[in-house]
Every structure is written in C-alpha cells, then in structure tokens.
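Let me begin by presenting the structure, written as structure tokens, before commenting on it.
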Amino acid sequence: MTDRLVVVGAGAVGAAVAWVAARDRLAGEVVLVDPDPGSGASRVAGGMLAPISEAWPGEREVLELGAASLALWPGFAEAVAADGGLPVGLRREGTVQVAVDAADVADLDRVVEHLRAWGRDVERCGGRELRRREPALGPAVRAGLLIPDDLAVDNRALLAALEAAGRAHGVVVSRRSVSRVLDDGVRVTGIELDGEVLEADRVVVAAGAWSGALHPVLEGRVRPVKGEILRVRARRSSLPPPSRTVRAAVSGRPVYAVPREGGRLVVGATQYEAGFDPDVLVGGVRDLVGDVERVLPGVADYALEEAAASFRPGTDDNLPLLGPVGPSGLFAATGHGRNGMLLVAVTVGALAAALRGDPLPDAARAAAADRSAVAPG
Ligand code: GLY
C-alpha cells in the first residue's frame with residue numbers, strides 16, 4: 001500500500017479535508033468516497049458564517065470555535081478559489097439579527113448581555129434604524145443587532161470549487177457507499193465498500209449525520225437533526241432582497257434569509273429531532289414562509305424555486321468531533337451541527353495538524369474527538 005488516506009463523505013468538510021491533505025502531501029494517495037458527493041447537509045445549508053448569531057448563552061466554546069473559524073475564512077476561501085479556479089461566493093455584508101414580538105426582544109437582549117459579558121460587543125438598534133439600514137425589513141421588526149463582521153458563502157459554489165480544487169491536487173473521487181471502517185483492534189486497515197474492502201492506512205470520517213454508523217467509537221456521538229430550507233428568487237416586479245443575512249426570532253421560532261447572487265435567498269431552517277425522515281413537510285414550509293414574510297414582507301412576491309431537507313450532524317455538546325479517535329489511523333471531522341459551513345475553515349487546519357501527527361491547534365482543542373462528551377452547561 002502507498003500510504004493511502006481515505007476520506008469518507010464528500011460534503012464541504014470531507015471535500016475540504018481531502019483537498020488540504022492532497023495539497024499538503026499529507027498522504028501518498030487521497031481517496032474521497034461518497035455515493036453522491038455534495039448531496040447531504042452541505043447542499044441544503046444556508047451558508048451563514050455567523051458565530052455570534054448562532055451563539056446561545058452557555059455555549060461559549062461553540063462561539064469561540066466559530067469566531068476562530070470565521071477569522072480563517074477569508075484565507076480559506078481565497079485558497080479554494082485559487083486552487084479550484086472557481087469562485088466560492090463569499091459575501092461580506094454582515095448580519096442583521098432582529099426580533100418581532102416582546103418576548104423575542106427580551107431574548108435578543110439576553111443574548112446581547114451574554115455577548116457583552118464575553119467581551120463581544122454588538123450594535124443594538126430599534127426597528128426604524130434597522131429599516132433605514134436594511135430597507136427590505138418590514139414594519140413588524142421591533143429591534144435588532146447589526147453584526148458587520150459576519151460573512152456568508154454560497155454553499156453550492158463552495159462545493160463545486162472544493163471538488164475542482166481537490167481534483168487539481170489529485171484527489172481520487174470514488175462514488176461508492178461505505179458501510180464501515182475496518183481495524184485490527186490496534187490500527188485502521190481500510191473501509192468496507194458495498195461488500196468489498198479498500199485498504200487504507202488512515203481514514204477520516206466526514207460523513208456528517210451518517211458518521212455514527214461507520215465505527216463503534218463514533219456510535220451514538222452523532223445524530224441527525226433534520227432541517228428544511230426554501231430557495232426563493234426576487235422577480236422583476238419584486239421588492240429587492242436584503243443585502244445582509246437576516247436572522248430573526250418570530251414568536252420564538254428562528255428563521256433566516258441568506259442572500260445569493262441573482263436576487264435569490266436561502267430561507268431556513270426548521271429543526272426537528274426526527275431521525276432520518278427525508279420528507280419536506282407542508283408544516284415546515286408553512287412556518288418558514290410565514291416567519292420570513294413577517295420579517296421581509298416583499299418575499300411574498302418572490303418565486304419559490306426549491307424546498308429541500310437534510311440532516312445536520314448533531315452532538316450532545318454542540319461541538320464537532322475533530323482529530324484522532326479510537327484505533328490508530330482513525331480521525332473524525334464530523335458533528336458540526338448547525339455550523340458545518342462556518343467550521344470548515346478551522347476543521348481543515350485541525351485535521352491537517354492531526355494527519356501530520358501534531359496536536360490540534362489551540363482554537364480546535366475543545367472539539368477534540370477523543371474528549372468525553374458532556375452536555376452543554
Ligand atoms: N446553519 C443554519 C442551520 O443549520 O439551519
């Protein structure tokens with residue numbers, strides 16, 4: 001064998017790890033295995049790179065990891081685009097996070113308090129000021145935060161660019177299903193593919209919500225958290241879409257709209273603990289449409305282009321699983337929950353270090369795959 005590294009799962013995380021491993025010559029051969037590359041959660045993602053508006057009181061490590069990854073994103077995006085020769089659709093307009101009813105405003109203020117206590121200042125504005133800055137916001141918006149440093153990425157452009165970047169560095173893509181990772185009790189020996197064995201010296205499990213089934217050390221550590229999104233497009237007669245990512249709580253229910261080229265928005269996302277139920281539900285679409293319309297009334301006149309569902313890979317403490325775990329040669333790059341797009345930049349650095357045999361970078365240590373899982377505190 002010629003020092004073969006297998007990466008299982010060709011979502012954004014797996015494709016990015018395979019690209020960096022090939023680019024940095026971290027293995028003699030890099031094989032990326034997925035029956036349908038880019039078809040899972042990465043395809044359905046909103047693409048917000050928004051650690052502050054994803055932060056909940058009590059989840060400081062999630063915020064810190066996300067902030068570290070956000071800082072790495074511009075360099076990551078530039079490198080992927082340069083190697084792949086394709087744009088990744090990075091947007092720099094920032095986020096506006098808004099509240100609609102009194103309870104939503106109270107929640108928003110609690111989040112501001114926590115962020116300030118953690119040393120992260122944000123600009124809080126009333127509804128009128130927000131509408132002045134972001135005219136697509138409707139009259140129901142009462143208050144909100146401006147978060148200018150957030151970024152957003154076009155998830156599907158990123159997937160195409162990562163695929164091209166990997167190809168440019170010799171990543172071999174195998175469109176097959178992996179049933180499990182094999183080991184001899186001490187070290188990894190390969191993977192089982194549709195009943196056949198592919199030998200490997202090292203395996204990175206980046207199979208998102210499906211990761212837990214691939215090796216006993218990951219069993220029960222990653223669960224599917226279903227999410228539904230809509231993709232809508234402003235028509236010639238429509239009010240223009242917002243330039244920033246808009247996040248809102250509408251009667252306690254979170255909704256977001258992330259701009260894309262061509263007057264499009266990705267509107268998301270529902271969140272259910274429903275196992276691997278693949279259907280887009282009428283009730284989910286109803287909630288997304290109703291909630292986004294409260295905040296961005298012009299959307300009612302947009303064309304509905306797509307409704308889709310996928311599965312976030314959730315963990316018990318909402319931190320991903322990164323680096324070595326279990327038998328020698330087994331690595332995880334999974335469990336990114338709601339933040340796969342955001343955390344891909346910190347993940348590739350962590351996995352590159354781990355594949356070199358170095359400790360995880362400080363920023364990624366809280367997410368070490370060999371930590372014992374704890375509930376968020
Ligand atoms: N990152 C947004 C979501 O998971 O819906």
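Each value in this text was obtained by applying a stated rule to the coordinates, not by laboratory testing. Note that the structure is a prediction, hence the values are computed from the model and not measured. Cβ coordinates were reconstructed from backbone atoms using ideal geometry, including for glycine residues, and neighbour counts include every protein chain displayed.
The alpha-carbon positions of the range 201-241 define a convex hull whose volume is 122 Å³ per residue.
Taking the Cα centre of the range 21-116 as origin and assigning +1 to Lys and Arg Cβ atoms and -1 to Asp and Glu Cβ atoms, the resulting dipole is close to 300 debye. From helices alone, the chain scores -9500 deg cm²/dmol at 222 nm; the rule is -39500 (n - 2.57) for each run of n ≥ 4 DSSP H residues, then divide by the residue total. The long axis of helix 155-168 is offset from the longest Cα principal axis of the chain by roughly 30 degrees.
Counting only alpha carbon atoms, the long axis of helix 60-84 and the longest principal axis of the chain meet at about 70°.
Beyond 28 Å, the tail of the calculated P(r) for the chain holds 43 percent of the Cα pairs. Charge dipole of the range 213-332 (Cα centre as origin; +1 on each Lys and Arg Cβ, -1 on each Asp and Glu Cβ, all else neutral): 480 debye, rounded to the nearest 20.
About its Cα centre, the range 95-159 has a charge dipole of approximately 180 debye under the convention of +1 per Lys or Arg Cβ and -1 per Asp or Glu Cβ, with nothing else charged. Residues with beta-carbon under 14 Å from that of R176, excluding R176: net charge, scoring Lys, Arg +1 and Asp, Glu -1? Neighbourhood net charge equals -3.
Could you tell me which of V153, T347, A368 has its Cα farthest along the dipole of the chain towards the positive end, charges placed at Cβ (Lys, Arg +1; Asp, Glu -1), taken about the Cα centre? Sorting the options by dipole projection puts first V153. At what distance in angstrom do the alpha carbon centres of the range 73-127 and the range 169-222 lie from each other? The range 73-127 and the range 169-222 have Cα centres separated by 35 Å.
Please compute the net charge surrounding G126, taking Lys and Arg as +1 and Asp and Glu as -1 over other residues with Cβ under 12 Å from its Cβ.
On the way: positive: R124, R128, R131, R132, R133, R142; negative: E123, E129.
Neighbourhood net charge equals +4.
Ordering S53, G85, T95 by the projection of their Cα atoms onto the charge dipole of the range 29-95, which places +1 on the Cβ of Lys and Arg and -1 on the Cβ of Asp and Glu, puts T95 at the extreme positive end.
Roughly how tilted is helix 340-356, in degrees to the nearest 10 and between 0 and 90, from the longest Cα axis of the chain? Helix 340-356 sits roughly 20 degrees off the main axis of the chain.
Amide H contacts under 5 Å for D317: V374, restricted to partners 5 or more places along the chain or on a different chain, H placed in the peptide plane at 1.01 Å from N.
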